[in-house]
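Right, one structure below, let's go through it.
The values are calculated or read from the model by the stated rules, or taken from the named source; none is laboratory data. All values reported here derive from a predicted model rather than from experimental measurement. Cβ placement follows ideal geometry from the backbone for every residue including glycine, while neighbour counts extend to all protein chains displayed. Heads up: the accessible areas ignore ligands, DNA and RNA and are worked out on the full protein's heavy atoms, side chains in. Shrake-Rupley method; radii C 1.70, N 1.55, O 1.52, S 1.80 Å.
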Amino acid sequence: MFFTENGRDMSGDNLPDCELNRISKADSVLALSGGASPFYGFPFCHTNGNLLGDPYLRNTGSGMRIADTEENGDGSVDCNSTDGGLPAVQALGPHVAPLGVRFYRRNPLALYAFPEEWDNVALIANHGSWNRLNKIGYNVVAVTLDGNNTSSIKHETFLGGFLSGEIAFGRPVDIAQLEDGSVLVSDDMAGAIYRVAYHTTTTTSATITTTDSTTSSVTVTTTSTCTVTVTAT
């Protein structure tokens, strides 16, 4: 099971990261049976995914564990040990405010099925910052996991356009998938639902045999497009 976590506020514009986290089956069974719940570090340890030196870019993966300057200023809790909690699956960026997360389940027979590489990709709605000097988030990102579903191997933007400079046009909240393979994204700022649909069109020319037994070549042209439609609510 996976969940999003909003990083704490009041630690600066660029720290800490919000996170995509995972609860293993063994941990969930233990917690439900009255045992200890998994610990992810709060409030003593957090994640810093700003290894590229840019708060708007993130390396693939969990980033670096850092100590909370208030709750763990003396370093009494070692954030790089098991005492510091479980690391994130993916560092999502500071103050991006991730909310809904949905794993895309590809049905190859669906009318608007995304390409095969999108199967089991986590789509995350980043609601966007509220108290950062410069706005960040306001998008939907995609996190691709490894074959064991335990580590991130790719982190990219799935749907953007909600933020231009410091002007926000929308704030994504949650994600759903329709049976036809398209994806819905809710927006509580614009009061709208966006439908993202993938289209593939293939055009094939026929082979022509003439009376002198010469033939024309066969050409196949495939075009793929992704469209977004908006429904006001």
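What percent do you get for the relative contact order of the chain when only Cα pairs under 8 Å and 6+ apart count? Could you put the intermediate results ahead of the total?
Details: 553 pairs, mean separation 33.7, N = 233.
That works out to 14 percent.
When the Cα atoms of the chain are enclosed in a convex hull and the volume is divided per residue, what value in Å³ results? List each step's numbers first, then the result.
Details: hull volume 43.4 nm³, N = 233.
Taking only Cα atoms, the chain has a hull volume of 186 Å³ per residue.
Quick one: dipole size for segment 67-157, taken about the Cα centre, charges +1 on Lys/Arg Cβ and -1 on Asp/Glu Cβ, in debye to the nearest 20.
The calculation lands at about 640 debye.
Once you sort the root eigenvalues of the Cα gyration tensor of segment 50-172 as a ≥ b ≥ c, which label holds: rounded (a/c under 1.5), prolate (a/b larger than b/c) or oblate (the other case)?
Details: a/c = 2.68, a/b = 1.33, b/c = 2.01.
Oblate.
Projected onto the charge dipole of segment 1-75 (+1 at Lys/Arg Cβ, -1 at Asp/Glu Cβ, origin at the Cα centre), which of N48, G75, S62 gives the Cα projection farthest towards the positive end?
Of the options given, the answer is S62.
Under a Cβ-Cβ limit of 4.7 Å, which cysteines in the chain have nobody to pair with?
Those would be C18, C226, since no other cysteine Cβ in the chain comes under 4.7 Å of theirs.
Excluding N131 itself, what net charge comes from residues whose Cβ is under 15 Å from its Cβ, given Lys and Arg +1 and Asp and Glu -1?
+1
How far is it, in nm, from the label point at I153 to the one at E116 when both lie 7 Å from their Cα along the line to the Cβ?
If labels sit at I153 and E116, their model points lie 1.4 nm apart.
Round to a whole number: what % of the accessible area of the chain belongs to carbon and sulfur, probe 1.4 Å?
It is 54 percent, rounded to a whole number.
Pull out a ≥ b ≥ c, the square roots of the eigenvalues of the alpha-carbon gyration tensor of segment 1-81, then state rounded if a/c is under 1.5, prolate if not and a/b is larger than b/c, and oblate in the remaining case. Could the numbers behind the result be given before it?
Working: a/c = 2.33, a/b = 1.48, b/c = 1.58.
The shape class here is oblate.
May I ask which residue of N6, W130, V228 lies farthest towards the positive end of the charge dipole of the chain, with charges of +1 (Lys, Arg) and -1 (Asp, Glu) on Cβ and the Cα centre as origin?
V228
If you count, for each residue, the other Cβ atoms within 10 Å and average over each peptide, how do 142-153, 5-16 line up from highest to lowest? Working shown, then result.
Numbers: 142-153: 14.3, 5-16: 16.2.
Top to bottom by mean Cβ count within 10 Å: 5-16, 142-153.
Taking 0.36 nm per residue of sequence separation and subtracting the Cα-Cα distance, how much length would be gained by fully extending the chain between E166 and E179, in nm to one decimal?
1.1 nm
Note down the net charge around G161, summing +1 for each Lys or Arg and -1 for each Asp or Glu among other residues with Cβ under 14 Å from its Cβ.
Computed value for this residue: +1.
Magnitude of the Cβ-charge dipole of the chain, K/R +1 and D/E -1, about the Cα centre, nearest 20 debye?
The dipole of the chain has a size of about 480 debye.
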